[in-house]
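The numbers here are math on the coordinates, done by the rules we state, and not lab data. What you see is a predicted model; the values in this text were computed from it and never measured. Note that we place each Cβ from the backbone using ideal geometry, even for glycine, and neighbour counts take in every protein chain shown.
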Amino acid sequence: MKPALAGMWVLVLLMGALASEARAEVKAELEFSSEGESCPGVSAMRAAVNRRLGYDPFVERAILRVTVEIQVRGGELVGKARFVRASSAVGERQMTASLGACSGLVDSLALAISLALDPDAVERPRLPRRAREGGEGRVGLNRLPSALLAVEEAKPESIDRGDVQGALETGAWMRLGSAPKTAPGVSAGGTLRTSRLMAGLSIRARLPASGVASSVLLTTYAIAIATRVCLAGETARACLVGELGAEHARGDGLSETGGAWSAAASAGAQIGWDLIRRDRWRWEVAAELMSPVVGQSYRAEEVELWRSPLVAVGFGVRAHWSPP
């Protein structure tokens, strides 16, 4: 039982770490490109956002991606900031400036990005109002429809943090302890996710596996409906998992018809990490500890052949696809 207890402590610690992450600052990826000769690089953009928010929100991988492009068009600089979550565009801002005012354009784009990411953390400097005749080189702002994002300084709003995103998933699993022999399995289902929470429903099938128990060859397989509720971070998640289904066992002396069905139920905890993100696809590895709510016990001629242990350990790989 010592390995199982150690595994439970690891799950508890990871769930605590994810709970801390859920209270942490907003995180996003940053892609930056510029054409203007006077334009600073990506480090200046990160520093400008950092000054506004009081922290650097940009990480290597995140659900939300911010793409900044500054181009020269018609004798002026045009800057665009696009916001994409899980391959779906959620907004865009466009601003213009004279060719020599790229630093001001970067600062204005940084303000728009900061307001979109975390409006509550933005520090807005109170600048003196300039006269109209002095605004020749001033950065211009092209307003977009509010349905796109249109962050207004008078009424800042973040990027729809409460949006629910759906995804389909399929997976392959290996379970130790749920049968007399280590059993592979497959799963298929779907998930719904907000910025911090995720819920999933899937069908799991444990493939037939044979093992010797008390000199009797037992062959078992199972099918179950699995649900999970997760605290989700940017690249990791911790979940509570429940399974309800049926299991079939076949072996000498179990039944005159050569097999027996029984109800099966278990509950436990699961952790998952993202390995790869590409377009609408996400590949994840997961580990779980499951304890039987309805334990399995197989007997033949009053002899107990096998009984499910208190803890079963599972490992799996899942592929997620988010529809457009």
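Values as computed for the structure displayed
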item	result
Loop-resident sites, region 40-87, for GluC sites (Glu not before Pro), counting at most 11 other Cβ within 10 Å (DSSP)	60
Compactness relative to 2.2 N^0.38 Å, alpha carbon Rg of region 178-315	1.20
3J(HN,Hα) from dihedral phi, region 307-323, Karplus parametrisation 6.51/-1.76/1.60, rounded to Hz, x for glycine, proline	9, 5, x, 5, 9, 10, 10, x, 9, x, 10, 10, 10, 10, 10, 9, x
